[in-house]
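Accompanying notes for the structure given below.
The values are calculated or read from the model by the stated rules, or taken from the named source; none is laboratory data. Being a predicted model, the structure only gives us computed values, none of them experimental. Neighbour counts are summed over all protein chains in view; Cβ atoms, including those assigned to glycine, are modelled from backbone coordinates with ideal geometry.
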């Protein structure tokens, strides 16, 4: 006899029912995860990215690129930063993921607005990064996100008032980055001062005003404090010296006043300190102890006194910017000898003495800016070996002597500005072909322009005025096809103006006045369609004014004090040029009292009629 199926005993029945309930639960949760993530994918369908290739309906969500799950297979993290995502983020559905703790979508092209309703269900988030996107509107109230440890919304297009009070209950917040948004003007938020776990605070360029509160010293865990590009005023608070873990402090582009607070030297871990473009004053002695500095930038203040000798001992210093202050005295002569200097700018001060000789000792120096001071002596000879140099500006000093052999040929130089000093000697033939800008004006340089100048295919600006250069202008100058401005005035150049200058099709300014140039004006100058300033005055030029100049649209023209002759072309009869032809006895035109009238003839009559009709120079 066949036995009938019997029900399991009670304990076995409970296990089966419990298992059935668990499987049912999983079957309801997993499809929701998949559905939500597929909706997320659909929101960014216009994105040009391969990140969603793994996001398919027949794949497990935990295997999706950028998605992480817990041991139960439930989504806890979505990290898709810098993935070229374009679209509106469906936060209303993402916040339905009950175990979502991390949402990192920074550095994308996400737009749209965020409302308080959609964030209310994201209460378990610990990490929220939406920085570097293109949102609009206000940041909604964030009060429900009490478990946040990281909040990054910087440079995301938000505007209007920021809900600073929302931060009050985020007691676990360690990383806060809200800068580079056009928030409404507000004082420094006192709520931030209670976030004692903060190690990173970025509030630059977010419209803060008023003073930095003294309570900033309570945030002793800070390693990064950035409050730059705001409207902050008053002194740097004294209790900032309690932040002994700081390695970066940025206060630039504010309206801060007063001195660097006493005890600032206790911040010995600082590697980057920038307080440029404020109204700070006093001396730099408190900075003597910051031996780990990599970058020190204090330009555009009112600091006075000398540059501390101890700066020479800073082995890690790479960037030093002290320009536009009131610093006096010599620079430490060993400055840079122990450091891998990359950039130094001490311009616009009252510094004296010689240029320190070892700032490029490690062969890393790229930019040397020392202009507008009172430096004396010569450029140290070993700077000719500084092959890393890109920009050299020592103009407006009292430097003298000849330029060290080889300095002209530093291989990567883009800019050399030695103007307004007392340098002498020649411009040698080993000029760096990388040069874009060269200014040697107002010195005592002599000799000829070397024909090797033809190598300077990238040169855009050439200023040699007010020197003692002589010889002819080399025809090879016409090979410098990128030239936009040439000023060779007030020298002793002789010979003819090379017709090859007409090959400089980008040329806008040509100043050759006050030399000893002879011959005729090259008709090739009429090819320079961008030329708007031409000065050939005070030379010995002869012949007629080329008719090719009629095509030029000059805003300035001066051909005075030469030996030009013949008719002045009709289109040059304009008020702006009325003094451009004086001192040329051979030039003629009717009705201009400083020029002789042209001899009678049909051409003269035609010109005279034209003048009378236009009412010019009458």
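Observations
- Cross-chain or 6+ apart pairs with Cβ under 6 Å, region 572-583 first and at positive phi, then modelled with pLDDT of 80 or more and surrounded by 13 or more Cβ atoms within 10 Å (Cβ to Cβ): 583/560; 583/561
- Within region 127-143, tally of residues that are surrounded by fewer than 17 Cβ atoms within 10 Å (Cβ to Cβ) and over 34 Å from the mean Cα position of the chain (by Cα): 1
- None of 212, 216, 236 is touching a helix residue (DSSP H, G or I) at 6+ places or on another chain (Cβ under 9 Å), surrounded by 15 or more Cβ atoms within 10 Å (Cβ to Cβ) and closer than 30 Å to residue 336 by Cα except 236.
- Hey, residue 303 more than 18 Å from residue 341 (Cα to Cα) and in contact with a helix residue (DSSP H, G or I) (Cβ under 8 Å, 6 or more places away or on another chain) or not: no
- Taking region 312-329 as the range and being surrounded by fewer than 17 Cβ atoms within 10 Å (Cβ to Cβ) and over 18 Å from residue 272 (Cα atoms) as the test, the residues that pass are 326, 328, 329.
- Given (1) modelled with pLDDT of 90 or more; (2) loosely packed, with under 13 Cβ neighbours inside 10 Å; (3) within 24 Å of residue 120 (Cα to Cα), index of the condition residue 31 fails: (1)
- Strands (runs of 3 or more DSSP E) lying entirely in region 140-249 (those with 3 or more residues that are at pLDDT 95 or above and closer than 30 Å to residue 91 by Cβ): 150-152, 175-177, 200-202
- Among the residues of region 114-125, none qualifies, meaning not one is in a strand (DSSP E or B) and surrounded by fewer than 22 Cβ atoms within 10 Å (Cβ to Cβ).
- Among the conditions (1) touching a strand residue (DSSP E or B) at 6+ places or on another chain (Cβ under 6 Å); (2) closer than 22 Å to residue 352 by Cα; (3) in a loop (DSSP other than H, G, I, E, B), residue 276 misses just one, which is (2).
- Filtered residue count, region 543-582, keeping only those that are in a loop (DSSP other than H, G, I, E, B), within 18 Å of residue 527 (Cα to Cα) and touching a strand residue (DSSP E or B) at 6+ places or on another chain (Cβ under 7 Å): 4
- Note on region 361-382: residues that are surrounded by 22 or more Cβ atoms within 10 Å (Cβ to Cβ) and more than 18 Å from residue 329 (Cβ to Cβ) total 3.
- Number of residues in region 96-111 that are within 19 Å of residue 158 (Cβ to Cβ) and either part of a helix (DSSP H, G or I) or modelled with pLDDT under 95 (or both): the value is 0.
- Strands (runs of 3 or more DSSP E) within region 345-436 that include 1 or more residues under 29 Å from the mean Cα position of the chain (by Cα) and within 27 Å of residue 450 (Cβ to Cβ): 367-369, 391-393, 415-417
- Residue in region 270-278 that is more than 24 Å from residue 309 (Cα to Cα), surrounded by fewer than 20 Cβ atoms within 10 Å (Cβ to Cβ) and touching a residue at least 24 places away in the same chain (Cβ under 8 Å) present: no
- The set of residues in region 335-344 that are assigned to a loop (DSSP other than H, G, I, E, B) and at pLDDT 95 or above comprises 335, 342.
- Selection count where residues are without any contact (Cβ under 8 Å) to a residue 40 or more places away in the chain and within 23 Å of residue 519 (Cβ to Cβ), scope region 447-467: 10
- Top-ranked residue in region 150-162 [being crowded, with 18+ Cβ neighbours inside 10 Å and without any contact (Cβ under 8 Å) to a residue 40 or more places away in the chain; ranked as farthest from residue 186 (Cα to Cα)]: 150
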